[in-house]
Amino acid sequence: NPILSIVCMSVLDLTTLEAHHRDVLAKTAYDSGGKYFGLWISADAALVLAGAVLTSYVGVVGLVRRLALDRCLPQVLLAENRFRRTNHLIPICFFLLCSSLFTLLSGRIRSLANVYTLSFLCVMALFAIGNMMLKYKRGRIRRPVRASWPTCFAALTAVLIALIGNIVLAPGNLIYFFIYFGAVAGLTFLMFERIRVLKYFLFFVSQGPQHLQDRFAGVTQLAMDKIRSQKIVFFAKNDNLEVLNKAVSYVQQNELTRWLKVVYVYEDLNDPMIKAIAENLRVIDRCYPKMVIDMVLVQGSFCPEIVAQISSRLGVPRNFMFIACPGDRFPHDIGDFGGVRMITH
């Protein structure tokens, strides 16, 4: 992009750039290489645009599906088409979302580009911030590429400068960004707090007429029970009481469920760690009376294959399975575990 910008400014003057902001690449190609070169660049741009649209739909399906699996977005988005076994509601909702923004901006290309730029730069800033958080909180994770602290700060600074520049250039478009950001953030917040919302709804229903209580109270209670019945799995490496307590505390504070299964994978039945973990879990169980804590023993070696088997046997998706942060000598790649999350050191 910077190189293309330099080429365009080298070939065209600012007045021409302003007049042809919709087709600046085609105009640059036409002026520098003639009519057929301009047609070639226009056809290439159309193909690239088609690929970009397809890529955006593929990307958003994967992203939204993962968020729905993690219960950050409504589960209804996971509905599958019976013929193609695809999550058809996700691309439909994405199309409606994009169409609504296009309609709201009355088809103004510059405004659309500015809103997209704001979104893109915010994502890039979050990449840099997330990288720094990983370096601070999960520095022991084995990874093929490591970015230095100066590189992270330089990248974040460059993105923030570009973000501020775009806001100053068109501050009026910021409102559209916040409208859509607020809608998605509000929906996500409701998903995180839906037990609390259902409790409030149940309370107000209980204060109303009897026919409303008969109609909604039971259904609401069943919905809360279903949400809380989701099992969570934590793979214990040893009997470290602090780590076990952190795992239980994390589930209680950040998950809607109250059912935790602590899994220990052992190779020898006489492993003294089995008894030690059981004793520590008894102590923790008394400290968390609202939690249901089970201990599950599995003979074998901790690897992606056995995690998949445990997920199938217990009926717990792997994105609801947690491990402590592994060290740099951990023999497996985290991605091989199919979505297992890290929640503590």
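For segment 1-20, the candidate set comprises residues that are assigned to a helix (DSSP H, G or I) and over 23 Å from ALA162 (Cβ atoms); within that set, the residue that is most open to solvent (accessible area, probe 1.4 Å) is THR15.
Hey, any hits in segment 25-37 for a residue that's out of contact with any helix residue (DSSP H, G or I) (no Cβ under 8 Å at 6 or more places or on another chain) and either open to solvent by 60 Å² or more (accessible area, probe 1.4 Å) or under 30 Å from LEU187 (Cβ atoms) (or both)? Among the residues of segment 25-37, at least one is out of contact with any helix residue (DSSP H, G or I) (no Cβ under 8 Å at 6 or more places or on another chain) and either open to solvent by 60 Å² or more (accessible area, probe 1.4 Å) or under 30 Å from LEU187 (Cβ atoms) (or both), which makes the answer yes. Among the candidates ALA52, ALA113, ALA68, single out the residue that is among the small types (Gly, Ala, Ser), within 25 Å of the chain's Cα centre (by Cα) and under 28 Å from ILE227 (Cα atoms). The conditions single out ALA68.
Being at pLDDT 90 or above and loosely packed, with under 15 Cβ neighbours inside 10 Å is a property that LYS199 has. Out of curiosity, is LYS226 open to solvent by 30 Å² or more (accessible area, probe 1.4 Å), under 30 Å from the mean Cα position of the chain (by Cα) and modelled with pLDDT under 90? Answer is yes for this residue. Across segment 144-154, which residue is farthest from ILE343 (Cα to Cα) among those that are surrounded by fewer than 14 Cβ atoms within 10 Å (Cβ to Cβ) and of a type outside the set (Phe, Trp, Tyr)? Step by step, filter segment 144-154, then rank; the result is ALA154. Do we have any residue at all in segment 46-56 that's over 29 Å from LEU190 (Cβ atoms), of a type outside the set (A, V, I, L, M), open to solvent by less than 50 Å² (accessible area, probe 1.4 Å) and modelled with pLDDT of 90 or more? Looking for residues that are over 29 Å from LEU190 (Cβ atoms), of a type outside the set (A, V, I, L, M), open to solvent by less than 50 Å² (accessible area, probe 1.4 Å) and modelled with pLDDT of 90 or more, one finds at least one in segment 46-56, hence yes. For ILE161, state whether it is under 28 Å from the mean Cα position of the chain (by Cα), assigned to a helix (DSSP H, G or I) and exposed (fewer than 12 other Cβ atoms within 10 Å of the Cβ). The answer is yes for ILE161. Looking only at segment 173-192, residues that are without any contact (Cβ under 8 Å) to a residue 12 or more places away in the chain and open to solvent by less than 50 Å² (accessible area, probe 1.4 Å) come to 3 in all.
Among the residues making up segment 134-158, a single one is among the hydroxyl-bearing types (Ser, Thr, Tyr) and in a loop (DSSP other than H, G, I, E, B): SER148. Is it fair to say GLU255 is among the charged types (D, E, K, R) and in contact with a strand residue (DSSP E or B) (Cβ under 7 Å, 6 or more places away or on another chain)? Yes: the conditions hold for GLU255.
The values are calculated or read from the model by the stated rules, or taken from the named source; none is laboratory data. Quick caveat: nothing in here was measured; it's all calculated off a predicted structure. Cβ atoms come from the backbone with ideal geometry, glycine included; neighbour counts cover every protein chain shown. Protein only, heavy atoms only, side chains kept; ligands, DNA and RNA dropped before computing areas. Shrake-Rupley method; radii C 1.70, N 1.55, O 1.52, S 1.80 Å.
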